[in-house]
């Protein structure tokens, strides 16, 4: 087996061939507003005429206080938010074509939820099947290279639900690196991580940027160590840009407008306090000085180039913006895999999850079996006795209520947990929603068919209904269709509403809650 260094050198050589895919992102006069309420037409501006540019080979951090608009700007630049937005976004000197841009970008969201019942290797292989048009051996080779580069090689057979926070972050990045996107967006990648893991995560992003990618992330308030790792800083306050430039030019910039950072004081803390108004109303002065992101003189006072042993050798970037970059836009399908292949891959993934989630699967089967026995005892041998007509009606009513509730509740409770994963994977062009829905329904269809058949057969014969195969078949079909309708209702409710006041406990913890 090849060494880790050899694998990573292969990956770097492959990335070197992608130099013409580097993306230069420029945005001008970006404004975003939302309505104040449902019944009013008044709107509130969250972003006001923002300007800026993000370059390949740089690790860019968008910073600001909570509610300043940094995540909103990230969503707009990534294409996650498209309505109520005005302004212009350019990619390599041309107006951004959203469908083409989505093919070349990846968005790793703050909530790095993964499929907990898949191993790292399985998660990577499913992502490769959906995103790459290579043969199986080439996919495995690429997966090996990425896992080694992400320091996940030793955890390849570990379930993702058992990974540490830093490993989950790296796996979320590795899943999107499968198709080697030239621009990557990260929403607070260090959130919830300790200082050591945060440093490792940001060092990884720095490495990705040095390979020629445009790396853009939001960071709430980094430590001094993380701050010094950044190449470009873009600071937002109240929806306006108050600074854009290199990290080492932040203190000189503040001094140039009469805001002197105290000695031995962390510059980021000082800037955040200024944005918060602790030293007076200076935000408008900062916005005017930086021209709301148009002023680029603080970007760098060094020649921008990468070392000769690095992946790419970009043209020198001075204070002036570079408005064009060569890139090859090929007319490739929006989704690499066709609908049928997406469906088959997702069915395979759902089957793995179903067989590994033995507790949930066996509990649903045993619950239907136990309830069927109880109902069979309560309504024992009433089917063909005319004196129990009302009891037969009650039995049918209970069957409908039980089957609806037993199918409705698991779907309503489980789907919201899956929703963040679906949003991320669909946005990053893994699959169509139609393929996901059909694959999900087919897997549930088989399990639901088994458990409703167990329930209906036991109840039918214990209640001594007429022994005709046609009547039994219609009864089983009715029970099955009721459960499918309830599942669909649970899916609608679970996707539109947040379930509150529901929790699970371990048996030994019950007495602490009582």
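Derivation of every value follows stated rules applied to the coordinates shown; laboratory data play no part. Not measured: the values here are computed from a predicted model. Please note: Cβ atoms are built from the backbone with ideal geometry, for glycine as well, and neighbour counts cover all protein chains shown.
Full-extension gain between residue 447 and residue 85, please, as 0.36 nm times their residue separation minus the C-alpha to C-alpha distance. Numbers along the way, then the final one.
Numbers: separation 362, 0.36 × 362 = 130.32 nm, distance 4.47 nm.
Working it through step by step, the gained length comes to 125.9 nm.
Which of rounded, prolate or oblate describes segment 335-490 when judged by the alpha-carbon gyration tensor and an a/c cut-off of 1.5? Walk me through the intermediate numbers first.
Details: a/c = 2.86, a/b = 2.56, b/c = 1.12.
Here segment 335-490 falls in the prolate category.
Does segment 65-119 come out rounded, prolate or oblate, given a ≥ b ≥ c as the square roots of the eigenvalues of its C-alpha gyration tensor, rounded meaning a/c under 1.5 and, failing that, prolate meaning a/b above b/c?
Since a/c reaches 1.5 but b/c is at least a/b, the shape of segment 65-119 is classed as oblate.
What is the fewest-to-most order of 430, 340 by other Cβ atoms lying within 10 Å of their Cβ?
Ordered by Cβ neighbours within 10 Å, fewest first: 340, 430.
Take every Cα pair under 8 Å in segment 339-509 that's 6+ residues apart, average their separations, divide by the length, and report that relative contact order as a whole percent.
Computed value for segment 339-509: 42 percent relative contact order.
Evaluate the distance, in nm, between pseudo-label points positioned 7 Å from the Cα of residue 39 and of residue 495 along their respective Cα→Cβ axes.
Calculated label separation equals 3.0 nm.
Scan (1) 26.3; (2) 34.8; (3) 22.7 for the value of Kirkwood radius over Cα pairs in Å calculated from this model and give just the label.
(1)
Roughly speaking, what is the stretch gain from residue 291 to residue 481, that is 0.36 nm per residue apart minus the C-alpha to C-alpha distance, in nm to one decimal?
So the chain would gain 62.1 nm between residue 291 and residue 481.
With each pseudo-label sitting 7 Å past Cα toward Cβ, what's the residue 66-residue 340 distance in nm, one decimal?
5.2 nm
Grab the beta carbon distance between residue 200 and residue 29, set R0 = 45 Å, and tell me the FRET efficiency rounded to 0.05.
Details: r = 38 Å, r/R0 = 0.83.
Here the calculated transfer efficiency is 0.75.
What is the distance, in nm, between label points placed 7 Å from the Cα along the Cα-to-Cβ direction at residue 419 and at residue 467?
Each label point lies 7 Å from its Cα, and together they span 5.0 nm.
Using 0.36 nm per residue, how much length does the chain from residue 111 to residue 279 gain when fully extended, once their Cα-Cα distance is taken away? Intermediate values should be presented prior to the final figure.
Numbers: separation 168, 0.36 × 168 = 60.48 nm, distance 3.45 nm.
Full extension from residue 111 to residue 279 adds 57.0 nm.
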